[in-house]
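The values are calculated or read from the model by the stated rules, or taken from the named source; none is laboratory data. Since the model is a prediction, treat every value here as computed from it, not as a measurement. Protein only, heavy atoms only, side chains kept; ligands, DNA and RNA dropped before computing areas. Shrake-Rupley method; radii C 1.70, N 1.55, O 1.52, S 1.80 Å.
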Amino acid sequence: MSDLYPRNPFVVGKYVSDNYFCDRVKETEFLRKQILNGRDVALISPRRMGKSGLIQHFFNQSSIREEYYVFFVDIYSTTSLAEFVYLFGKEIYEQLKPQKTQWKEKFFQVISSFRVGFKLDAMSGAPSFDLGLGDIHAPQSTLDEIFNYIDEADKPCIIAIDEFQQIGEYPEKNVEALLRTQIQRCKKAQFIFSGSKRHLMNNMFNSPSKPFYQSVISMGLDPIPMDEYAKFALRMFEQRGKGLDVDIVNAVWRQFDGYTWYVQMVMNELFSMTEKGSQCDKTMIADAYANIIHVQESSYKNILSQLAPRQKVVLQAIAKEGNACNITSAKFIGKYNLGTASSVQAAVKSLVNNDLITVENGIYRVSDYFFSTWLAKDY
């Protein structure tokens, strides 16, 4: 089967086509309206809610593909401006490489500091990206070149930067101000800044002391409505000759509060467990959860091996609660033998910083629902 017709229609971790993307009609239209009217957007929502998929879906719209160059830069794993510049430049090159445009041909001329990182393919003679982080000696200068190159584009660009709050963690000073200045000067591009750490993203764009203050239209992302996802899931099963009851989809959706990635992951497993011509049974849900958790078990153990003892017990306590509140109270501390309130606070701070737990309105939970289940029941 081709990539456009995957064996399992519940695609996880990537975008294939409109056929395997559920809903987000209003959100896609909102993005279109803002970009067409020259407004940059901050897309802020928890991880695993589907931000990246929405952006890729928006980029895949025919009117967008025809009128714009589109670039998606995921900076979640970056720790410095040099890494940001590296990924930014690489994404532009990789997206333009298949295209035959005069703008592409200017890439090496304008971004001269990247020349050392390119080599000719021995078979085709075409240039290929062979740049290492150590080759970026002056990231600010390279960033200037990248933005100068963007401004020479032969049609407008849309640049999405995922997990944008990460720039606040870079050791270099004034990275936010540097990027804000470059973006203000850039005439050929609109930007989508997406992020999952809502308090950091909101501070970036809503604090008067910050360079990006009031520079964007903010957009949140809620779960796909349960009935809309159920229609999608039933259609995917039916098209492949398999049966599915709506109650199963609703049960899975509720288990994960509608978080897209987790719901999709379980439906992917249920689809693989259901034979063609057969009906998916509700008793299969528990086995689907167990199968997914079993595959991830070694990574979960690895995560725990890197935590301090106090962080482990606090993490497990929160997992056992599911949704934990008043975690520094004597009642909570005594229930799980967590020591002192100050030690719990220190552990929680580290766990939040490492994205292992999330907190909203005073409610704490383990960020990964599957990890939480494993901690609560199996560890």
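Any idea what diffusion coefficient the chain gets from Stokes-Einstein, in µm²/s, Kirkwood Rh on alpha carbon pairs, 4 °C, 1.567 mPa s?
Answer from the Stokes-Einstein relation: 56 µm²/s.
Output the pairs from 97/301; 14/173; 104/210; 51/173; 331/377; 276/301 with a Cα-Cα distance over 31 Å in this structure; if there are none, say none.
Check vs 31 Å cut-off fails for 97/301; 14/173; 104/210; 276/301.
Once amide H atoms are placed 1.01 Å from N in the peptide plane, what residues at a sequence separation of 5 or more from residue 153, or on another chain, have their amide H within under 5 Å of its amide H?
none
Springs between alpha-carbon pairs under 10 angstrom, Gaussian network model over the chain: which of 35, 92, 333 fluctuates most?
Of 35, 92, 333, the most mobile in the Gaussian network model is 333.
For the stretch 141-263, what ratio Rg/Rh do Cα atoms give with a Kirkwood hydrodynamic radius?
1.15
With springs only between Cα atoms under 10 Å apart, run a GNM on the chain and tell me which of 336, 170, 262 wobbles the most.
Between 336, 170, 262, it is 336 that shows the largest mean-square fluctuation.
With every protein chain left in place, what is the accessible area of residue 204 in Å² (1.4 Å probe, nearest 10)?
Looks like 10 Å² after rounding.
Rounded to the nearest 10 Å², what accessible area does residue 227 have for a 1.4 Å probe in the complete protein model?
90
Where does the chain land at 222 nm, in deg cm²/dmol rounded to the nearest 500, when only DSSP H runs of n ≥ 4 count, each adding -39500 (n - 2.57), divided by all residues?
Rounded to the nearest 500, it is -14500 deg cm²/dmol.
Measuring from the lowest to the highest alpha carbon on each principal axis, how far does the stretch 263-324 reach, largest first, in angstroms?
For the stretch 263-324, the Cα spread along each principal axis is 50, 24, 16 Å.
Using only Cα atoms, tell me the angle between helix 341-353 and the longest principal axis of the chain; keep it within 0 to 90° and round to the nearest 10.
50
So what's the gap between the Cα centers of the stretch 283-324 and the stretch 11-39, to the nearest angstrom?
If you average the Cα positions of each part, the centres end up 32 Å apart.
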